[in-house]
């Protein structure tokens with residue numbers, strides 16, 4: 001996947017980052033995810049009135065928020081048409097994914113964004129997580145709950161794991177879900193570069209190089225989540241059945257609704 005895919009799936013919005021249509025991706029059986037029913041995004045507070053009018057035309061049924069209460073209170077989700085806003089936090093405690101879009105941090109703050117911490121957090125996210133369980137309850141009834149947009153603060157880490165779970169449930173291969181996950185690095189390139197410029201003022205060259213390596217999304221971060229699924233359950237099919245109660249029949253209904 002390239003920049004062309006980003007241009008293809010990014011919505012023409014002015015007040016938010018990384019708002020993407022998840023449609024168009026191919027599944028293992030040759031079908032494609034329908035466009036216009038599943039979306040992913042960063043925080044939505046900045047939506048302009050023009051943005052809201054555009055989104056209202058999609059007729060969203062649900063806005064699903066992964067953020068913690070403090071994040072949501074600082075930057076609350078707006079109302080989008082008749083969509084139901086639901087928030088179930090992925091994280092019980094503050095951690096480095098919580099403040100991805102905080103731009104007033106100092107050296108101590110940005111020093112916590114290490115690859116080791118990202119790998120640990122990703123490995124914890126998909127297992128026994130009440131947020132993803134609630135998300136997948138919504139997906140079990142696509143007729144009632146789609147179109148849906150799920151989001152966190154940057155639309156990259158928590159949303160990235162949620163997107164992987166949704167896409168693989170639809171039959172999208174892991175390798176394709178991984179490529180789609182990494183597109184956030186392109187969608188957020190300007191933001192990442194602003195952070196690198198800021199941190200260059202107080203990091204040494206070696207520290208800055210390490211930060212530039214760990215802060216953007218990396219393949220091994222999502223691998224950590226996927227490996228945790230396989231280590232805990234053996235394979236993805238068993239995972240969605242035991243974690244979310246998605247049987248073969250339920251999965252077929254989801255796929256028949258969401259694929260073309």
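Which residues, taken from region 139-171, are under 23 Å from residue 228 (Cα atoms), touching a strand residue (DSSP E or B) at 6+ places or on another chain (Cβ under 9 Å) and part of a helix (DSSP H, G or I)?
139, 158, 159, 160, 162, 163, 166, 167
If you go through region 34-49 one residue at a time, do you hit one that is touching a residue at least 40 places away in the same chain (Cβ under 8 Å), part of a loop (DSSP other than H, G, I, E, B), over 19 Å from residue 84 (Cβ atoms) and under 17 Å from the mean Cα position of the chain (by Cα)?
Step one: list which residues in region 34-49 are touching a residue at least 40 places away in the same chain (Cβ under 8 Å), which gives 34, 36-44.
This time we only want the ones that are part of a loop (DSSP other than H, G, I, E, B), so: 34, 36-37, 42-44.
Checking the rest, the ones that are also over 19 Å from residue 84 (Cβ atoms) come to 34, 42.
Checking which are under 17 Å from the mean Cα position of the chain (by Cα) leaves us with 42.
So far as region 34-49 goes, yes, one or more of its residues are touching a residue at least 40 places away in the same chain (Cβ under 8 Å), part of a loop (DSSP other than H, G, I, E, B), over 19 Å from residue 84 (Cβ atoms) and under 17 Å from the mean Cα position of the chain (by Cα).
Filter region 80-113 for residues that are surrounded by fewer than 19 Cβ atoms within 10 Å (Cβ to Cβ), in contact with a helix residue (DSSP H, G or I) (Cβ under 9 Å, 6 or more places away or on another chain) and either in a helix (DSSP H, G or I) or modelled with pLDDT of 95 or more (or both) and give the result.
81, 82, 84, 86, 87, 88, 107
Do we find a residue being buried (at least 20 other Cβ atoms within 10 Å of the Cβ) and at pLDDT below 95 anywhere in region 16-24?
yes
Has region 58-69 got any residue that is surrounded by fewer than 15 Cβ atoms within 10 Å (Cβ to Cβ) and modelled with pLDDT of 95 or more? It would help to see each step written out before you state the result.
In the first step, residues of region 58-69 are kept if they are surrounded by fewer than 15 Cβ atoms within 10 Å (Cβ to Cβ); the result is 59, 69.
Then drop every residue that is not modelled with pLDDT of 95 or more, which leaves 59.
Yes: region 58-69 contains one or more residues that are surrounded by fewer than 15 Cβ atoms within 10 Å (Cβ to Cβ) and modelled with pLDDT of 95 or more.
Tell me, which residue of region 172-208 that is outside any helix (DSSP H, G or I) and buried (at least 16 other Cβ atoms within 10 Å of the Cβ) is nearest to the chain's Cα centre (by Cα)?
Taking region 172-208 and keeping what is outside any helix (DSSP H, G or I), we get 172-173, 188, 200-204.
Those left that are additionally buried (at least 16 other Cβ atoms within 10 Å of the Cβ): 172, 188, 203.
On the way: 172: 16, 188: 13, 203: 29 Å.
Among those residues, the one meeting the criterion is 188.
For residue 257, which of the numbered conditions (1) over 28 Å from residue 19 (Cα atoms); (2) surrounded by fewer than 18 Cβ atoms within 10 Å (Cβ to Cβ) fails to hold?
(1)
The values are calculated or read from the model by the stated rules, or taken from the named source; none is laboratory data. Predicted model, so just to flag it, every value in this text is computed and none were measured. Reconstructed Cβ throughout: ideal geometry from the backbone, glycine too, with neighbour counts over all protein chains shown.
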